[in-house]
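**Student:** Sharing a structure below in structure tokens format, with a few things to ask.
The values are calculated or read from the model by the stated rules, or taken from the named source; none is laboratory data. Source: prediction; values computed, not measured. Cβ placement follows ideal geometry from the backbone for every residue including glycine, while neighbour counts extend to all protein chains displayed. The protein model used for the area step is the full one, side chains on, heavy atoms only, and it has no ligands, DNA or RNA in it. Shrake-Rupley method; radii C 1.70, N 1.55, O 1.52, S 1.80 Å.
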Amino acid sequence: MMNNNELKTLIRSQKPNHTLDQKFYTDDDIFELDLKNIFSKQWVFVGHVTRIPNQGDYFLFEIGNESIILIRGKDNNIYAHYNVCRHRGSKICLEDCGNAKLLICPYHAWSYNLDGSIRSARLMNNDFDPKDWKLNSCNVNIFEGLIFINLSDNPSSFDEFIFPTKNFIELHG
């Protein structure tokens with residue numbers, strides 16, 4: 001595991017106007033730091049709304065070690081759910097894209113509505129409260145048909161994020 005001092009030394013050793021040291025592209029510890037400090041906190045462009053034009057249309061987006069389901073709900077809103085069943089952690093969607101009336105886990109057949117709320121949970125006790133078991137979702141924002149997600153529990157302002165490119169996107173959107 002690379003410690004902070006090693007990383008700082010590596011950063012300081014970079015020559016101006018040169019490519020990054022190979023470790024920045026191949027080191028697992030640096031990759032994990034990038035995931036934690038950049039990709040898990042930043043708004044990330046994942047696709048265009050035309051990829052999921054109909055209710056139930058979905059596609060998967062992989063970011064780091066996460067698989068995210070982007071799906072158009074019955075209300076025509078676009079949802080972003082972690083592709084993980086709340087019951088036993090199985091992946092729900094196994095195909096990269098498709099159309100679904102329900103999201104059904106292949107392991108124990110728990111089913112979820114397109115908005116992530118639980119539809120049915122087989123073999124659960126009477127004290128089971130389905131409201132506590134909806135799919136984990138991530139933040140989603142649509143701008144000019146572009147879909148952005150943010151994995152953070154406390155996402156940065158989307159307006160601040162999009163501001164530097166807003167006029168360009170609107171002009172060419």
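**Student:** Please list, in order, the residues from the stretch 96-137 whose amide nitrogen is less than 19 Å from a point placed 7 Å along the Cα→Cβ vector of GLU62.
**Tutor:** 96-98
**Student:** What's the longest uninterrupted piece of the chain once you rule out the GluC sites (Glu not before Pro) that are loop residues per DSSP with at most 15 other Cβ within 10 Å? Present the calculation step by step, with values, prior to reporting the outcome.
**Tutor:** Numbers: sites that count: GLU95, GLU144.
Counting at most 15 other Cβ atoms within 10 Å as exposed, the longest clean stretch of the chain is 1-94.
**Student:** Might you tell me the accessible area per residue for the stretch 42-173, computed with a 1.4 Å probe and given in Å²?
**Tutor:** In whole numbers, the stretch 42-173 has 59 Å² accessible per residue.
**Student:** Something else: Quick one: putting +1 on the C-beta of Lys and Arg, -1 on the C-beta of Asp and Glu, what dipole do you get for the chain around its Cα centre, in Debye to the nearest 20? Mind dumping the intermediate values first?
**Tutor:** On the way: 18 positive and 22 negative charges, 66 e Å.
Value, rounded to 20: 320 debye.
**Student:** Please work out the ratio of the alpha-carbon Rg of the chain to 2.2 N^0.38 Å and round it to two decimals. It would help to have the intermediate numbers written out before the result.
**Tutor:** Working: Rg = 19.5 Å, N = 173, 2.2 N^0.38 = 15.6 Å.
Here the Cα radius of gyration is 1.25 times the empirical estimate.
**Student:** May I ask you to compute the full-extension gain from LYS41 to ASP159, defined as 0.36 nm times their residue separation minus their alpha-carbon distance, rounded to one decimal in nm? Present the calculation step by step, with values, prior to reporting the outcome.
**Tutor:** Details: separation 118, 0.36 × 118 = 42.48 nm, distance 1.48 nm.
Fully extending the segment from LYS41 to ASP159 adds 41.0 nm.
**Student:** Using alpha carbons only, how many angstrom separate the centre of the stretch 100-162 from the centre of the stretch 14-77?
**Tutor:** 17
**Student:** Here's a follow-up. Please turn the phi angles of the stretch 94-104 into ³J(HN,Hα) values with the Karplus equation 6.51 cos²θ - 1.76 cosθ + 1.60 (θ = phi - 60°), one per residue in order, whole Hz, x for glycine and proline.
**Tutor:** 9, 8, 5, 7, x, 9, 9, 7, 9, 9, 10
**Student:** Taking the 0 to 90 degree range and rounding to the nearest ten, how far is the long axis of helix 158-172 tilted relative to the main principal axis of the chain, both from C-alpha atoms?
**Tutor:** Relative to the chain, helix 158-172 is tipped by roughly 90 degrees.
**Student:** Also, quick follow-up: Tell me the label-point distance for the pair LYS74, LEU171, using the 7 Å Cα-to-Cβ offset, in nm and rounded to one decimal.
**Tutor:** That separation, rounded to one decimal, is 4.4 nm.
**Student:** I've got another one for you. Please compute the length gained on full extension between ASN54 and LYS8, using 0.36 nm multiplied by the number of residues separating them and subtracting their Cα-Cα distance.
**Tutor:** Values: separation 46, 0.36 × 46 = 16.56 nm, distance 4.85 nm.
Result: 11.7 nm gained on full extension.
**Student:** Assuming 0.36 nm per residue, please report the length gained on full extension of the stretch PHE24 to ARG88 beyond their Cα-Cα distance.
**Tutor:** On the way: separation 64, 0.36 × 64 = 23.04 nm, distance 3.50 nm.
Separation in residues times 0.36 nm, less the Cα-Cα distance, equals 19.5 nm.
**Student:** HN-Hα J couplings of the stretch 38-47 from phi, Karplus 6.51/-1.76/1.60, θ = phi - 60°, integer Hz, Gly and Pro as x?
**Tutor:** Using θ = phi - 60°, the values come out as 10, 5, 7, 10, 9, 6, 10, 6, 10, x Hz.
**Student:** Can you work out D for the stretch 97-160 in µm² s⁻¹ from Stokes-Einstein, where Rh is the Kirkwood radius over C-alpha pairs, the temperature is 20 °C and the viscosity is 1.002 mPa s? Walk me through the numbers on the way to the answer.
**Tutor:** Numbers: Rh = 14.2 Å.
Result for D is 151 µm²/s.
**Student:** Over the stretch 134-173, what percent of the accessible surface lies on carbon and sulfur atoms, probe 1.4 Å? All intermediate terms of the calculation are to be shown ahead of the outcome.
**Tutor:** Values: 1280 of 2570 Å².
Taking all protein chains in place, the stretch 134-173 shows 50 percent carbon and sulfur surface.
**Student:** Identify, among PRO53, TYR79, CYS105, the residue whose Cα sits farthest towards the positive end of the charge dipole of the chain, taking +1 on the Cβ of Lys and Arg and -1 on the Cβ of Asp and Glu, with the dipole about the Cα centre.
**Tutor:** CYS105
**Student:** So which cysteines of the chain have no other cysteine's Cβ under 4.7 Å from theirs?
**Tutor:** Result for the chain is CYS93, CYS97, CYS138, no neighbouring Cys Cβ within the cutoff.
**Student:** Let me ask you something else. Which value, in Å² and to the nearest 10, is the accessible area of LYS74 when all protein chains are kept and the probe is 1.4 Å?
**Tutor:** Solvent-accessible area, nearest 10 Å²: 130 Å².
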